[in-house]
4 protein chains.
Amino acid sequence: MKNQKITVLIQCEDQKGLVAKITGFFFKQGFNILSCQQHVNKAENKYFMRIHVSAEEVALSKADLESQFEALSQVLGINWSINYESDKKKVAIMVSHTSHCLYDLLERQREGDLNCSVEMIISNHDKLRNISEMFGIPYFHLAVVKTDKSKQEGEVVALLEKYDIDLIVMARYMQILSEDFINKYPQRIINIHHSFLPAFQGANPYQRAYERGVKLIGATAHYATVDLDEGPIIEQGVERVTHESTTKTLKRIGADIERLVLAKAVKWHLQNQIIVSDNRAIVFPEAGE
Amino acid sequence: MKNQKITVLIQCEDQKGLVAKITGFFFKQGFNILSCQQHVNKAENKYFMRIHVSAEEVALSKADLESQFEALSQVLGINWSINYESDKKKVAIMVSHTSHCLYDLLERQREGDLNCSVEMIISNHDKLRNISEMFGIPYFHLAVVKTDKSKQEGEVVALLEKYDIDLIVMARYMQILSEDFINKYPQRIINIHHSFLPAFQGANPYQRAYERGVKLIGATAHYATVDLDEGPIIEQGVERVTHESTTKTLKRIGADIERLVLAKAVKWHLQNQIIVSDNRAIVFPEAGE
Amino acid sequence: MKNQKITVLIQCEDQKGLVAKITGFFFKQGFNILSCQQHVNKAENKYFMRIHVSAEEVALSKADLESQFEALSQVLGINWSINYESDKKKVAIMVSHTSHCLYDLLERQREGDLNCSVEMIISNHDKLRNISEMFGIPYFHLAVVKTDKSKQEGEVVALLEKYDIDLIVMARYMQILSEDFINKYPQRIINIHHSFLPAFQGANPYQRAYERGVKLIGATAHYATVDLDEGPIIEQGVERVTHESTTKTLKRIGADIERLVLAKAVKWHLQNQIIVSDNRAIVFPEAGE
Amino acid sequence: MKNQKITVLIQCEDQKGLVAKITGFFFKQGFNILSCQQHVNKAENKYFMRIHVSAEEVALSKADLESQFEALSQVLGINWSINYESDKKKVAIMVSHTSHCLYDLLERQREGDLNCSVEMIISNHDKLRNISEMFGIPYFHLAVVKTDKSKQEGEVVALLEKYDIDLIVMARYMQILSEDFINKYPQRIINIHHSFLPAFQGANPYQRAYERGVKLIGATAHYATVDLDEGPIIEQGVERVTHESTTKTLKRIGADIERLVLAKAVKWHLQNQIIVSDNRAIVFPEAGE
């Protein structure tokens, strides 16, 4: 490997000597350890590590690295993934009517903030096609027929497979995906929900926030799981509101929370900062390397 | 009236000319209008006003002011309350095991931040008596007998009545009050709930927040109503947490949110900044008079 | 006037009866008062009002309204401006190298969030022309010659005059404007400074924030005055940073603060929510009409 | 060592193999590594580590641990400190007129939140003596004579030495300490400044914040150095304010920021979470062990 940067995500049972053994492995192989972040969940006796290394002078091939690390992992009982920074992830963005998250993601990708390629925009409406044209991204309008939603989902899956999509971002896509669909992409679908979960799960959160008279509203980015709005939370944000805020005002204030929260979640996923354990997301902070 | 400051809280149907007529009334009576805050709920066609006036040169007696304002109110269909700043409200604080909110309220009252007298602390445990002694406030330990909770509630009510209590602050009082009790003190019981409502209503919110893997936790001060944790929200606060936060950490971080949120709610109530409409609290910001 | 909405901004010496007299004026003329917000600065004996009215059934012409209100103003010593919602303000955006604020403003305007037309983008560089093309806004590249900056400023002024620009937004325009230029547009130039003013006035605030080791960084939107970075502050925002944050990270985190803070300031200006008094900006909150 | 918990703080030049070698050292000695946090400053080629270990089964004495770790440190060029959790730090709190930070620290210490003993309160005024009596802490009133400030400082130092004080907390102590005093206690004096530094360094920050018309105010906890208000920043906080906020309001809002920010800084210091490098404080987050 030459000039390769690699992020290894690790989870296993907690046990003595883990950090010494794992960092020792990379040190001996000639890697330079850029950052090494750990998390121990004492209550559940679990250990998590994100290790970021550079391979300027490493003789090892990718295959050798992976087989040798697998040997160590067998001994320690580690679940791991090795992610090469040069393998740019392919992203599909799914939208319906609202444009703010879409604009935001496309702009960040275009300005170099997100390490990915946006391969396509998929929508159940034709409304946001003009934005795709502004940014030069293919737009697929796949309408949902109420009597047979699975037909459209099949078309979506076909597209995702054809373009070898790594990450699906539901940027205010207002359709509920089937269990089959979701199970096909574990920890590969990021959704933005327009409330501070677990408050206001489900439909019309801003209307319900207005009615409840809350003094703060929020948004939540999470991995989609088969339980609607109950997947592992990646990031949340809130803003102060008052009795003056109407449902319309809440939507507008919320839009700015949604876009920031979703952008962070996508960025952290692309930078391999997240490990999911049961229904909780360990999100290692960005290290200032 | 001499050197009296008065806060009038008003709600009625929205209609043309309200602000002109109401401010005109006080102007003609010789009051100086220190601040006049309004809120219009267009969707529900409701009008709310908080008007703060001083009566340096006013000939009117309290009774005359009230009867004359009532005459205007009949014409305009206004519900109102007139609050005299010199009538210091009498407060009872109810607690169980945790001390942080109690300390905080007692300290603020002692330092002149809360315009009230704290007449007593009532607890179902004897644990926090030493704090009451530090601050020189009577402490009543009224234990709850599980088989007959109404007995203790009767004793609490007797105390509240005897001392003519205006406001009951549940500063982490971990007993559910009966409907009878709550209905006796409408908009006169402020509770602090240790979550960002409506998330984690009910018991053990920090444990559930940990399990859900939220990235922010919160606290909510609200008026108690017969529906548990569903009364009008006065104030909410949140703080960022991470996967490193255990239930114990969440409790500690939450304690600081709770105390600030409760202190604000109590202060705003005492300063007559709140009007309740259905289940929503209109909280006029503190005017910098 | 028919179906006209009007915002009147008022400042004068504080005096008895102001709110009654002013709201009485609009009530008698047949206006419907949508919201009426006041601020009293007791220390300086100053009174400020923002009154928002609708004129569904008003016989008065614009000229008559203004002359009659002027008559009242003479009596009360009021400085005022009357702003008609149908008079959409014309905006010029000035930029240099960084794109995030430009994208943000153009997107918000395009999506209907900002009540204005963006007439042009002016830059001392050609770099961001492609963004102007995406949004279909004229782009004027007016390079600065170091030996004679006034030449370029003259060209800028000529453009602003030709297109009758109401508001100039400096969306990270990295040139210092001359006193002459600034004095030509009092309270009509909004600048975003990439620090929490008055901290880090002047150049390279992120670098200096890194060196100082601050734990929060911020951004400030203010009206430009001849004293650099010292004009009336409209809005400020902050975000938490850590020792892990490099200057590069601070810039990225700061960019999201900048765009939100600038967008709010521009929106509030366009909605006539701001009154400047000496060097302080009174910003009335958005009323939920 | 039996049932000992130890925090080791490390700084040195960045170099390959550090984490493997240092964690290897503790692993081989039989320590259990509870958490291991690192920071690399690439620009300055510096490495920082906080390693928290427990010694349930360790044969080593304290002296042996320290001499053996010193041997490793010689090789790697490490500056280090070893802190034993059972060595409770002795704290002196210095105050002048305002009580909120004092109350807050005493209450937290009393409730078990701060791992220290508060040995004394020192003040240049007698005003807050009653608070010391509430909490049963010795109070030393050492008045400052303007013509010879060094006399009082000498008395303060004598007290600090006599009681073997580890940490001096300036909880709104409104006297400027001499260079001699400050140099005697490097990284052992924590001060709370009532502004968002570097904004409003020096006197009367709230008055100046009012005059500048800022929209957020803040507080900063930092280690005292000979340059007033320029020491390494440990923590900062802010709150939103408006044009309605008077200097008096700002002081009250600021008091709540001050107490939270100071309490965090003191807690983190006591838990050995801070390493100072030049004028910047690396503050490792609390690990959820």
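The values are calculated or read from the model by the stated rules, or taken from the named source; none is laboratory data. Owing to the predicted nature of the structure, the values given are computational and were not obtained by experimental measurement. When we count neighbours, we look across all protein chains shown, and the Cβ atoms used for this are built from the backbone with ideal geometry, even at glycine. These area figures cover heavy atoms from the full protein model, side chains too; ligands, DNA and RNA do not enter into them. Shrake-Rupley method; radii C 1.70, N 1.55, O 1.52, S 1.80 Å.
Selection of first residues in the stretch A:12-23 that are at the interface with chain D (Cβ under 7 Å from one of its Cβ atoms) and of second residues that are assigned to a helix (DSSP H, G or I) and surrounded by fewer than 21 Cβ atoms within 10 Å (Cβ to Cβ), restricted to Cβ pairs under 7 Å at least 6 apart or on distinct chains, gives the following pairs, ordered by first then second residue: A:Lys16/D:Phe27; A:Gly17/D:Phe27; A:Ala20/D:Gly24; A:Ala20/D:Phe27. The test for being among the hydroxyl-bearing types (Ser, Thr, Tyr) and at the interface with chain D (Cβ under 10 Å from one of its Cβ atoms) does not hold for B:Ser132.
Among the conditions (1) β-branched (Val, Ile, Thr); (2) surrounded by fewer than 20 Cβ atoms within 10 Å (Cβ to Cβ); (3) touching a residue at least 24 places away in the same chain (Cβ under 8 Å), B:Ile257 misses just one, which is (2). Among the residues examined, C:Ile33 does not qualify as surrounded by 19 or more Cβ atoms within 10 Å (Cβ to Cβ) and either more than 10 Å from chain B (Cβ to nearest Cβ) or more than 26 Å from the chain's Cα centre (by Cα) (or both). A:Asn191 meets all of the listed conditions (1) open to solvent by less than 60 Å² (accessible area, probe 1.4 Å); (2) within 14 Å of chain B (Cβ to nearest Cβ); (3) not small (Gly, Ala, Ser) but one, namely (2).
Can you tell me which of B:Ala71, B:Ala92 is at pLDDT 90 or above, under 25 Å from the mean Cα position of the chain (by Cα) and more than 10 Å from chain C (Cβ to nearest Cβ)? Result: B:Ala92 is the single residue among B:Ala71, B:Ala92 that is at pLDDT 90 or above, under 25 Å from the mean Cα position of the chain (by Cα) and more than 10 Å from chain C (Cβ to nearest Cβ).
Return yes when D:Lys5 is more than 14 Å from chain A (Cβ to nearest Cβ), under 16 Å from D:Gln273 (Cα atoms) and open to solvent by 20 Å² or more (accessible area, probe 1.4 Å) and no when it is not.
no
Can you name the residue in the stretch D:57-78 that is charged (D, E, K, R) and closer than 15 Å to D:Ile10 by Cα and, of all such residues, is surrounded by the fewest Cβ atoms within 10 Å (Cβ to Cβ)? For the stretch D:57-78, the residue satisfying everything is D:Glu70. Looking across the stretch B:79-104, the residues that are open to solvent by less than 60 Å² (accessible area, probe 1.4 Å) and over 24 Å from B:His52 (Cβ atoms) come down to B:Ala92, B:Ile93, B:Met94, B:Val95, B:Ser96, B:Thr98, B:Ser99, B:His100, B:Cys101, B:Leu102, B:Tyr103, B:Asp104.
Out of A:Pro198, A:Pro186, one residue alone is at pLDDT 95 or above, closer than 30 Å to B:Ile233 by Cα and part of a loop (DSSP other than H, G, I, E, B). It is A:Pro198.
Assess whether C:Ile234 counts as being modelled with pLDDT of 95 or more and either in contact with a helix residue (DSSP H, G or I) (Cβ under 6 Å, 6 or more places away or on another chain) or in a strand (DSSP E or B) (or both). Against the criterion (modelled with pLDDT of 95 or more and either in contact with a helix residue (DSSP H, G or I) (Cβ under 6 Å, 6 or more places away or on another chain) or in a strand (DSSP E or B) (or both)), C:Ile234 qualifies. For the stretch A:210-245, a residue qualifies if it is farther than 25 Å from C:Val238 by Cα and facing chain B (nearest Cβ under 9 Å), and the qualifying residues are A:Tyr210, A:Glu211, A:Arg212, A:Gly213, A:Glu230, A:Pro232.
Can you pull out the residues in the stretch A:195-215 that are under 23 Å from the mean Cα position of the chain (by Cα) and surrounded by 22 or more Cβ atoms within 10 Å (Cβ to Cβ)? Within the stretch A:195-215, A:Ser195, A:Phe196, A:Leu197, A:Ala199, A:Phe200, A:Pro205 meet the criteria. Scanning the stretch C:106-125 for residues that are within 16 Å of the chain's Cα centre (by Cα), without any contact (Cβ under 8 Å) to a residue 40 or more places away in the chain and more than 11 Å from chain A (Cβ to nearest Cβ) returns C:Gln109, C:Ser117, C:Val118. Annotation note: Cβ proximity below 8 Å between a residue of the stretch C:273-289 that is under 20 Å from C:Tyr185 (Cβ atoms) and within 8 Å of chain D (Cβ to nearest Cβ) and a residue that is open to solvent by 20 Å² or more (accessible area, probe 1.4 Å) and part of a loop (DSSP other than H, G, I, E, B) (sequence gap 6+ or interchain) occurs for C:Asn279/C:Thr225; C:Asn279/C:Glu230; C:Val283/D:Thr242. For beta carbons closer than 7 Å, sequence separation of 6+ or different chains, a first residue in the stretch B:232-243 that is open to solvent by 10 Å² or more (accessible area, probe 1.4 Å) and a second that is aromatic (Phe, Trp, Tyr), the qualifying pairs are B:Val238/B:Phe196. Across the stretch D:37-56, the number of residues qualifying as open to solvent by 10 Å² or more (accessible area, probe 1.4 Å) and either more than 10 Å from every other protein chain (Cβ to nearest Cβ) or assigned to a strand (DSSP E or B) (or both) comes to 10.
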